[in-house]
Amino acid sequence: MIPGSVSKLSESTVASADTVTAKSDIMYVTGTTTVNNIRPGLGVAVSQFLILVPTNAAGVTLGTAGNILVGIAAAQNRAVYMVWSKQLQKWLINSGV
């Protein structure tokens, strides 16, 4: 969890872009631009969790041109659970598959 949010999940909204910054534990993503990079909220030296929720009817694509290991087409209002691997320096996605 992001520091300062003791035992509670913090939430924020961000517009989809090639690069977004995780500033909370749950990040609602608006728009349809492919997200290729997510800057870890705690920096790259610490493993961490992120829950990403697309809010657009078309969902959002998580691409692999940056720091996301395996891409996915994320559907609207479906939580995508992600883990930052400090060893790999990539986000790992639990796609439910």
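Observations
- Rounded to whole numbers, the Karplus 3J(HN,Hα) couplings from phi for the stretch 41-51 are x, 9, x, 8, 8, 10, 5, 7, 9, 8, 10 Hz, using 6.51 cos²θ - 1.76 cosθ + 1.60 with θ = phi - 60°, and x at Gly and Pro.
- Contour excess over end-to-end distance, with Cα ends at ILE26 and ALA58 and 0.36 nm allotted per residue: 9.6 nm
- The chain, relative contact order in percent, only Cα pairs under 8 angstrom and at least six apart counted: 22
- Summarising the label geometry, the points placed 7 Å from Cα in the beta-carbon direction at ALA79 and ASP18 lie 3.2 nm from one another.
- Assigned charges on the beta-carbon of Lys, Arg, Asp, Glu; the stretch 11-94 dipole about Cα centre (debye): 140
- Kirkwood estimate for the chain, i.e. one over the average of 1/r between Cα atoms, Å: 13.1
- Karplus (6.51, -1.76, 1.60) ³J(HN,Hα), θ = phi - 60°, over the stretch 28-38, in Hz, Gly and Pro reported as x: 7, 10, 9, x, 10, 5, 4, 9, 9, 9, 10
- Footprinting exposure proxy for VAL14, VAL35 (fewest neighbouring C-beta atoms within 10 Å first): VAL14, VAL35
Read the figures in this text as sums done on the coordinates, not as results from a lab. Treat the numbers as computed from the prediction; the structure is a model and nothing was measured. With ideal geometry, Cβ positions are generated from the backbone for all residues, glycine too; neighbour counts draw on all protein chains shown.
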